[in-house]
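What follows is a single structure, written as structure tokens, with notes after it.
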Amino acid sequence: MPSGYATASDAAWYAGVPVGTIWRWASEGRVRKTGKGKQARYYVFDLIKAPRDEYTREQLAPGVAPPLPAGAKAA
């Protein structure tokens, strides 16, 4: 697997959003994706890291959507 790619669940935790949001962002072109189905991986460096407490790892604020690519429309 190429460096920087993670499963949808790992990418969702990193960004602080539900897995379905990662899938939608990939379909909108906000997040690069490789593979299909259960083998799909998402490029975490396209995501904005969710702020978390350094000791408990609890999410401190809602996840933020990466920008849409030029000419793309949100779902």
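The values are calculated or read from the model by the stated rules, or taken from the named source; none is laboratory data. Quantities reported herein were computed from a predicted structural model and do not represent experimental measurements. No Cβ is skipped: glycine too gets one built from the backbone with ideal geometry, and neighbour counts run over all protein chains shown. Accessible surface is based on the protein model in full, side chains and every heavy atom, while ligands, DNA and RNA are left aside. Shrake-Rupley method; radii C 1.70, N 1.55, O 1.52, S 1.80 Å.
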Among A12, A61, A50, the single one that is within 9 Å of the chain's Cα centre (by Cα) and not β-branched (V, I, T) is A12
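Got a number for residues in segment 23-56 being of a type in the set (D, E, K, R) and under 19 Å from A75 (Cβ atoms)? First the steps, then the outcome.
So the first thing to find is which residues in segment 23-56 are of a type in the set (D, E, K, R), and the list is 24, 28, 30, 32-33, 36, 38, 41, 46, 49, 52-54.
When the remaining residues are screened for being under 19 Å from A75 (Cβ atoms), the result is 24, 28, 30, 32-33, 36, 46.
Counting residues in segment 23-56 that are of a type in the set (D, E, K, R) and under 19 Å from A75 (Cβ atoms) gives 7.
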Just wondering, is there one or more residues in segment 39-62 that are of a type in the set (D, E), in contact (Cβ under 8 Å) with a residue 24 or more places away in the chain, part of a helix (DSSP H, G or I) and surrounded by 10 or more Cβ atoms within 10 Å (Cβ to Cβ)? no
Residues located in segment 26-38, provided they are at negative phi, in a helix (DSSP H, G or I) and open to solvent by 40 Å² or more (accessible area, probe 1.4 Å): S27, K38
Are any of the residues in segment 1-16 assigned to a loop (DSSP other than H, G, I, E, B) and at pLDDT 95 or above? yes
When G20 is evaluated against the numbered criteria (1) at positive phi; (2) under 11 Å from the mean Cα position of the chain (by Cα); (3) exposed (fewer than 12 other Cβ atoms within 10 Å of the Cβ), which criterion, by number, is the only one it fails? (1)
